[in-house]
1. Restricting attention to region 360-399, report how many residues are free of Cβ contacts under 8 Å to residues at least 24 places away in the same chain and in contact with a helix residue (DSSP H, G or I) (Cβ under 7 Å, 6 or more places away or on another chain).
2. For the list (1) modelled with pLDDT under 90; (2) surrounded by fewer than 14 Cβ atoms within 10 Å (Cβ to Cβ), I need the number of the one condition that residue 50 fails.
3. Would you check if there is a residue in region 142-154 being surrounded by fewer than 17 Cβ atoms within 10 Å (Cβ to Cβ), touching a strand residue (DSSP E or B) at 6+ places or on another chain (Cβ under 7 Å) and at pLDDT 85 or above?
4. Among the candidates 279, 272, 266, 252, single out the residue that is surrounded by 17 or more Cβ atoms within 10 Å (Cβ to Cβ), at pLDDT below 75, within 24 Å of the chain's Cα centre (by Cα) and under 30 Å from residue 404 (Cβ atoms).
5. Answer yes or no: is there a residue in region 476-486 that is over 30 Å from residue 357 (Cα atoms), modelled with pLDDT under 75, more than 55 Å from the chain's Cα centre (by Cα) and assigned to a helix (DSSP H, G or I).
6. Among what's in region 121-139 and is part of a strand (DSSP E or B) and out of contact with any strand residue (DSSP E or B) (no Cβ under 6 Å at 6 or more places or on another chain), pick the residue that is surrounded by the most Cβ atoms within 10 Å (Cβ to Cβ).
7. Only one residue in 385, 352 is assigned to a helix (DSSP H, G or I) and within 28 Å of residue 255 (Cα to Cα). Which one?
8. Which condition number does residue 45 fail, the rest of (1) touching a residue at least 24 places away in the same chain (Cβ under 8 Å); (2) surrounded by fewer than 15 Cβ atoms within 10 Å (Cβ to Cβ); (3) over 19 Å from residue 150 (Cα atoms) being met?
């Protein structure tokens, strides 16, 4: 019922008891009163019936034994004695007679009160002739007397007279019932109060627990088995809740520390990624310079090849001129001078090429240094991602997202390391091939110096050209071979420089890929940093929520 929710527990428990006690007491009192009234009525009916029989016998006996002059006195005496017997019971019966003509009269010389009888009562008396009727608050007993000329002897009692004791008994029952209800209610109240006191105490403690105070405990000294079980269950519930809240606080603190560490790790990784990006930009710039230098070297080598072609052509002319040395000595001398100048130009070009290749070798060393830095950064990033994975595993379900991010970071760092190794292999190949070119240049220079010496010797001996035509021819053939050899090496140098240029371009593309991977890694670090900040906020909110609970220290407990 809805209205029961507005009542207290004591009221809800005491009301049914009081209602049951009142109802049972009323029922008992009612049946007791009814039974007592019934017994009293039956007793009075028996008394009245006995009185009618006694008076009837008395009238019959008096009619037979007493003269007519004394009959009325004797009858009055008998009626008076009969009335006195009822007076001993505090009753005052009325005795009179009903004649044949339906007239109510008193007996001669007998004084009494005549009640009013209704026509229905008179008719019923005449029809029954003998018996008892109840009407108009009276009990009427009657019997027809032949000795009284067919008149009816009637004795009547008012109901309130013979029911006075019953009414007194009813009042006494009401008082006893009221006292019983009051006593039973008081007993029930104090009993329920004693029973509900622990429950109300439990309600207050439940209110404290609901407000966050987990220090509340029940301690009942004397209570029933059920309340002891309730006490034990409540204390166990609070202990378990206390343990859960304590563990939540510890977990929240650990999550806060872990998220802060992960945030710092992500920040460091982000800084490292930014440094990698800056280094990659520098490497990209260096690779572009390297590509341009390689292009310039290629152009220079092509020029050298062209010069070698010219030298070869000049040597061929020298050979022809030597055959007609006598006729074209001056022309031969000029050709020798031109040859010396061309060889000097070739020597200068080769030295320039050697310097460029040396510069290219220095750039390769710088690239190796940068690659070592990138490798260290990749290893450091890999270590940071491993630490992030460990911290995410410690965080449990909350760290799954960060574990995925850490795996991606580790994958990117591995890719960076692999790219660095590939670039390093390419630079090593460039360095080796450059050293080969340098050696070839040194050999070419040596051979050019020998050619210069020979040309100088030819110039010094040109005065004796006629005698040394055969020598000049042989020397010219040697120079032709040397020039052919230099020309061949120059072509090889062109191919090597072309390869260097292609490798430099591949290296530039690889560096761009590394730069893109570094940018992706930086974005991943930014995302991890945001996730770490979000996790830190969540752990702080959890700690603020747990501050609403007041618990005992586990050490004190």
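1. Going through region 360-399 one residue at a time, the tally reaches 2.
2. Among (1) modelled with pLDDT under 90; (2) surrounded by fewer than 14 Cβ atoms within 10 Å (Cβ to Cβ), the lone unmet condition for residue 50 is (1).
3. Yes, region 142-154 contains a residue that is surrounded by fewer than 17 Cβ atoms within 10 Å (Cβ to Cβ), touching a strand residue (DSSP E or B) at 6+ places or on another chain (Cβ under 7 Å) and at pLDDT 85 or above.
4. 252
5. Scanning region 476-486, I find at least one residue that is over 30 Å from residue 357 (Cα atoms), modelled with pLDDT under 75, more than 55 Å from the chain's Cα centre (by Cα) and assigned to a helix (DSSP H, G or I), so the answer is yes.
6. Here the residue is 131.
7. Within the list 385, 352, the selection yields 385.
8. (2)
The values are calculated or read from the model by the stated rules, or taken from the named source; none is laboratory data. Since the structure is predicted, the reported quantities are computational estimates derived from the model, not experimental observations. Don't worry about glycine lacking a Cβ; one is built from the backbone with ideal geometry, like all the others, and counts go over all protein chains shown.
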